[in-house]
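The values are calculated or read from the model by the stated rules, or taken from the named source; none is laboratory data. Values in this document were obtained by computation on a predicted structure and should not be read as measured data. A quick note on method: Cβ atoms are made from the backbone with ideal geometry, for glycine too, and the neighbour counts reach across all protein chains shown.
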Amino acid sequence: EAAVTQSPRNKVAVTGGKVTLSCNQTNNHNNMYWYRQDTGHGLRLIHYSYGAGSTEKGDIPDGYKASRPSQENFSLILELATPSQTSVYFCASGDALGGRETLYFGSGTRLTVL
Amino acid sequence: GDQVEQSPSALSLHEGTDSALRCNFTTTMRSVQWFRQNSRGSLISLFYLASGTKENGRLKSAFDSKERRYSTLHIRDAQLEDSGTYFCAAEANAGAKLTFGGGTRLTVRP
């Protein structure tokens, strides 16, 4: 069964602190994504990756870094967290087969920056 | 600007009724996907369409094959477990990443 696991489920950070959100997938998918969800905006793409060692900027990458050390793991890093980064973050994996990609999402990480 | 606009933003239905959600695109899209997010926050893929219609149980989705500027999700005989937030997401061209709409929060009441 497809599985995308995010950790932590909840995180409270202070302004200026470093935050790392982790994502692990057992789907053996090449593509992984980080989104944030805010009321009225749906999901917005922050960073994504095509495979181990690859990171690409999404639509709203400012203030975030990403790391893909292996096929299974994709991290989102906030070097200097700000209150505007308070949000719910979702990781997803996908494998485009025949030009079609179905995304499998993790359960989300709720981040509060004080 | 936003390329994917969903309507309505919120909807309340009585059990057993039918309704439709809509997703409009400001530009021609290659494909569309529909997701449901439950109360725990989990997002589940419902449909992927590059054209035409697809049906799964009480859910049916259509993608305007001619202009490729809108998609609909029809819910027939709504049940309490259909409650949640429904998102559409569209791909502008091959290799482009999905752009999500703002979602429709659906509440089904007894």
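Picking from residues in segment B:92-110 that are within 13 Å of B:W34 (Cβ to Cβ) and within 9 Å of another protein chain (Cβ to nearest Cβ), the one that is farthest from the chain's Cα centre (by Cα) is B:L98.
Of everything listed in (1) in a strand (DSSP E or B); (2) in contact with a helix residue (DSSP H, G or I) (Cβ under 9 Å, 6 or more places away or on another chain); (3) more than 29 Å from B:L46 (Cβ to Cβ), the single unmet condition for A:G63 is (1).
You will find that of B:S39, B:S65, B:S45, B:S9, the residue that is over 30 Å from A:N10 (Cβ atoms) and in contact (Cβ under 8 Å) with a residue 12 or more places away in the chain is B:S65 and no other. Looking only at segment A:56-64, decide whether some residue is crowded, with 20+ Cβ neighbours inside 10 Å, touching a residue at least 12 places away in the same chain (Cβ under 8 Å) and facing chain B (nearest Cβ under 9 Å). No.
If only residues of segment A:27-49 that are touching an Asp or Glu at 6+ places or on another chain (Cβ under 7 Å) and hydroxyl-bearing (S, T, Y) are counted, the one that is nearest to the other protein chains (Cβ to nearest Cβ) is A:Y48. Residues that are farther than 18 Å from A:P61 by Cβ, within 11 Å of the chain's Cα centre (by Cα) and either in a loop (DSSP other than H, G, I, E, B) or among the hydroxyl-bearing types (S, T, Y) (or both) within segment A:74-106 comprise A:S93, A:G106, listed in sequence order. Please tell me if A:T102 is surrounded by fewer than 21 Cβ atoms within 10 Å (Cβ to Cβ) and at pLDDT 95 or above. No.
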